[in-house]
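The next block holds one structure in the form of structure tokens; read it before the comments.
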Amino acid sequence: MTIAAEQEMPRSKRRSSLIRSPQFSSLVILIVLLAVFAIADANFLSPLNISNMMAFLPELGIIALGMTLLLTAGEFDLSVGAVFGLAPVVVMLLVQNGGFDIGIALLAGLLLCIAIGAVNGLIVTKIGISSFLVTLSMLLVVRGAALYITQGFPLKSWDQPGFFVTLLAGSFNIGTFRFYTSLWWFIGLSLLAIYVLHYAKLGNWISAIGSNRNAAVARGVPADAVKIWLFILTSVLAGLAGMISAFRISAASPVAGTGYELEVIAMVVVGGTALTGGRGTILGTIVGALMLRSIRNGIVLIGVPGLAYNIFVGVIILAMLILHALLQKNAARS
Amino acid sequence: MEVLRLHNLQKSFGSVRALKSASFTLNEGEVVALLGDNGAGKSTLIKAISGVFPVDRGDIYVRGQKVSIRSTRDAMDLGIETIHQDTSLAPDLSIARNLFLGREPVNLKWLGVFAPLDLAKLRDAAAALLKRVGISKKLDADALVSTLSGGERQSIAISRAMQFAAKVIILDEPTNNLGVEETHGVLRFVKEVRAAGHSVLLITHNIHHVFQVADRIIVMRRGEIVAEQTVADTDLLTVESIITGADMSALLKETRAK
């Protein structure tokens, strides 16, 4: 259906719209970045290193998918990093201190994430406070809760092999590469997000709400409900990512995920989604997630001193954003 | 034939009586201009008709049937489409996606909001619509609305209202911020809308435009309708003085006598 429609377009037009798309400039930057790291350190593209990157990628990437949809609808969520930390901590406390079955505990964790997202969404839409302030406060509440209920100590995570561990953090080998099941989650959820945002009726609503909320509401689009569900989705994905991480490293720390909210937003924006809403791209977010992951990995490999690490990450993100903006400006002019 | 009739609509916000009493009738294929200074109650009146908020008292009749309008969706379902200059379209969406926003053609309807858009139908219907209203030559249904001029955006918004066979199209300041050429384009479009059998309620500050397209003029002041005249029976200066209230008593008498 879409393919047929795309074929109707003249080839030249198709090419120029491809080059103009924000995902394209992100992709170019990613390729350059990978090339630079690969040349600087031969180990960068080794199976072990790629496997390592792919183990970390889904954890932030999954949150970034939700954040992309939320940003497209014109809202932020700064509480994702804290939810990433709280969800596994609550689940493990229920199992270890409460004696609950792991399945029940996971269900409780899921309900908790839904509740956090719903509170965020309800306050933002019904009381009309900016999502920046609401979710910043929620970050403090959620992180504080994680620290308080654990008294600041990390918990040993569920490490008995079983259905849930395999489901969230199982691993498998392809040749010399070792991948985690979380990669499947990321791929599956990415496809789903691409479908929803670009091909489903809901995606049309999400973009319209972020682009011009009043116009969407005037057409009968339930803007508040859509936003509330997107806050819930983002929160649930953050919790899922937290569980995946906790199972993978067999530990649930109350400070896990600190600062993730900004890194996730950086991934989304570097990928080409507009911070102001209306324009979102899942493909761009995937490219952005790959980009941030390879920067974090690459600068360690090329020997940047540990404490200077964040300086480099910050500078590179800034440089990418500038480059991105310039490429976009250029493309728009031509 | 009567399309829309308002009877004694009233609306207060706290102690402010934004709409003291408004009654008028809109007929089929008629362009009625609603005039008045800032704060006269024009926007309160059209918001009440388009379902933004309920009225405190009074009745609305559509084709003689008493109706209750509680939401913008209700108004749309009754065939009342309101077009505001800045709030009608989503600039980051294509023309086609804007035309069907909220009423998207989908496949697999049972999937609800997750149903896939019928992109081929969307595109074809949009192209056909643009062609029907005579703006297809310039505009591609896939173009983003952000790339259009103000006049083109107005035309798209009005086309969308026509598309859904709206009985009543309410235009809120359609020529604000438009250039001379574009303003003429939009006014021409309003005439075409009337020719196609739709009724138009035109809200504007610009009296000159009113005389170019409207059949009838309704003037509001301080929450009340103070004059109602056919364009043929009045002139620019008279209307202007009613709006500003310069010579109210004489004109009110004249209106009441009618």
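The values are calculated or read from the model by the stated rules, or taken from the named source; none is laboratory data. Everything numeric here is computed off the predicted structure, so don't read it as measured data. Here the Cβ is made from the backbone with ideal geometry for all residues, glycine too, and neighbour counts use every protein chain on show. What goes into the accessible areas is simple: the full protein's heavy atoms, side chains included, and nothing from ligands, DNA or RNA. Shrake-Rupley method; radii C 1.70, N 1.55, O 1.52, S 1.80 Å.
A few points about this structure:
- Applying a threshold of 8 Å to beta carbon distances and a minimum spacing of six or more residues, or different chains, the list of pairs starting in the stretch B:93-120 at a residue that is more than 7 Å from chain A (Cβ to nearest Cβ) and ending at one that is β-branched (Val, Ile, Thr) and open to solvent by 20 Å² or more (accessible area, probe 1.4 Å) reads B:118/B:106.
- Single residue of A:216, A:225 found to be at pLDDT 95 or above and within 14 Å of another protein chain (Cβ to nearest Cβ): A:225
- Among the conditions (1) without any contact (Cβ under 8 Å) to a residue 60 or more places away in the chain; (2) among the β-branched types (Val, Ile, Thr); (3) under 24 Å from residue A:144 (Cα atoms), the only one that residue A:317 does not satisfy is (3).
- Checking each residue in the stretch B:199-236 for being within 16 Å of residue B:174 (Cβ to Cβ) and either in a loop (DSSP other than H, G, I, E, B) or among the hydroxyl-bearing types (Ser, Thr, Tyr) (or both) picks out B:199, B:204, B:205, B:206, B:214.
- Among (1) in a strand (DSSP E or B); (2) in contact with a Lys or Arg (Cβ under 8 Å, 6 or more places away or on another chain) - the single one residue B:141 does not satisfy: (1)
- Flag for residue A:165 being touching an Asp or Glu at 6+ places or on another chain (Cβ under 8 Å), surrounded by 13 or more Cβ atoms within 10 Å (Cβ to Cβ) and in a helix (DSSP H, G or I): yes
- Looking only at the stretch B:66-92, residues that are without any contact (Cβ under 8 Å) to a residue 40 or more places away in the chain, hydrophobic (A, V, I, L, M, F, W, C) and at the interface with chain A (Cβ under 10 Å from one of its Cβ atoms) come to 1 in all.
- Within the stretch B:168-198, the set of residues being part of a strand (DSSP E or B) and open to solvent by 20 Å² or more (accessible area, probe 1.4 Å) comprises just one member, B:172.
- Output for the stretch A:247-268, where each listed residue is in contact with a Ser or Thr (Cβ under 9 Å, 6 or more places away or on another chain) and either surrounded by fewer than 23 Cβ atoms within 10 Å (Cβ to Cβ) or at pLDDT below 85 (or both): A:248, A:249, A:250, A:251, A:253
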